[in-house]
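For reference, the structure discussed in these notes is given below.
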Amino acid sequence: GDSVTQMEGPVTLSEEAFLTINCTYTATGYPSLFWYVQYPGEGLQLLLKATKADDKGSNKGFEATYRKETTSFHLEKGSVQVSDSAVYFCALRNTGRRALTFGSGTRLQVQP
Amino acid sequence: DTAVSQTPKYLVTQMGNDKSIKCEQNLGHDTMYWYKQDSKKFLKIMFSYNNKELIINETVPNRFSPKSPDKAHLNLHINSLELGDSAVYFCASSQAGLEETQYFGPGTRLLVL
C-alpha cells in the first residue's frame, strides 16, 4: 500500500537558519504530493502541493520539488522564523483514491 | 468566513457515553472526510462521503458511525466511548478533479475519562 516517510523530529533551528525536512514516499501510479502545517492547537493548513513529476510547489518561502526518480518531496526554506515553529506533515493522494496518506509529522522548533 | 467548521472544539466525556461531532463546509465541495489524529500526531483516514454516499470506510470499530444529511455536512457519532478513542478528529472536504486539494477543519479534541 501507499506510505509516506518523514524524518523524525524535533528539528531545532536558530532563526534565519536553512531548513530541510525530508519526505519520501512509496506508491503505485502517479500520486499528488502535499505539505500541510499544523500550528500549536490548530488544524491542518495546506502549505504547498505538486501534482506531477518535477513540479515545484512554493508558498510563504517554503519550497518542495516532486522528484519521481528518488520518490521524494523534501521541504525547504532558506531562512526560518520563530513563527514557523509547527508540525509539518508530508502527504500523498494516489490516483483513484480520494483519501490522503500522511507521514508521521516533523516538529520544527525555531529559537530566536 | 470559515471554510470547514467543526463542533464542538473540545469534548470531555466519560467512558461508555455516546457523543457526536458535527462538520460543515461552505466550499461547495462534493466530498467530505473524517481523519483521526492520535497522541503521537499520526493522522489516519476513517471515512469519506461523496455526495452523501459512503466511499471510504477504513478499519474502524462499529461504534463509529458517520452520517451525511447533505453534501455540506458530515457528522460522526461514537457509541460506548472507550479510553482509546481519545484523539483529535479532523473533518476535511475536497472537490474531485486533477488539482484536488483537501481543506481541513480546526479539529475536535476528544478526551475520554
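No value in this document is a laboratory result; all are computed from the given coordinates. Note that the structure is a prediction, hence the values are computed from the model and not measured. Using ideal geometry, Cβ is built from the backbone for each residue, glycine included, and neighbour counts are taken over all protein chains shown.
General observations
- Scanning the range A:2-30 for residues that are more than 14 Å from the chain's Cα centre (by Cα) and hydrophobic (A, V, I, L, M, F, W, C) yields a count of 4.
- Selection from the range B:32-42 of residues that are over 12 Å from the mean Cα position of the chain (by Cα) and touching a residue at least 12 places away in the same chain (Cβ under 8 Å): B:ASP38, B:SER39
- The set of residues in the range A:24-77 that are within 14 Å of chain B (Cβ to nearest Cβ), part of a strand (DSSP E or B) and in contact (Cβ under 8 Å) with a residue 40 or more places away in the chain comprises A:SER32, A:LEU33, A:PHE34, A:TRP35, A:TYR36, A:VAL37, A:GLN38, A:LEU44, A:LEU47.
- Residues (outside any strand (DSSP E or B), more than 14 Å from chain B (Cβ to nearest Cβ) and loosely packed, with under 14 Cβ neighbours inside 10 Å) located in the range A:82-112: A:VAL82, A:SER83, A:PRO112
- Residues within the range B:72-113 that are within 14 Å of chain A (Cβ to nearest Cβ), touching a residue at least 24 places away in the same chain (Cβ under 8 Å) and in a loop (DSSP other than H, G, I, E, B), tallied: 6
- Selection status of B:LYS36, surrounded by fewer than 18 Cβ atoms within 10 Å (Cβ to Cβ) and touching a strand residue (DSSP E or B) at 6+ places or on another chain (Cβ under 6 Å): no
- Residue list for the range B:40-53, filter: part of a strand (DSSP E or B) and either in contact with a strand residue (DSSP E or B) (Cβ under 7 Å, 6 or more places away or on another chain) or under 20 Å from A:ALA91 (Cβ atoms) (or both): B:LEU43, B:LYS44, B:ILE45, B:MET46, B:PHE47, B:SER48, B:TYR49, B:ASN50
- Only one entry in B:SER5, B:SER20, B:SER68 is surrounded by 17 or more Cβ atoms within 10 Å (Cβ to Cβ), outside any loop (DSSP other than H, G, I, E, B) and among the small types (Gly, Ala, Ser), namely B:SER68.
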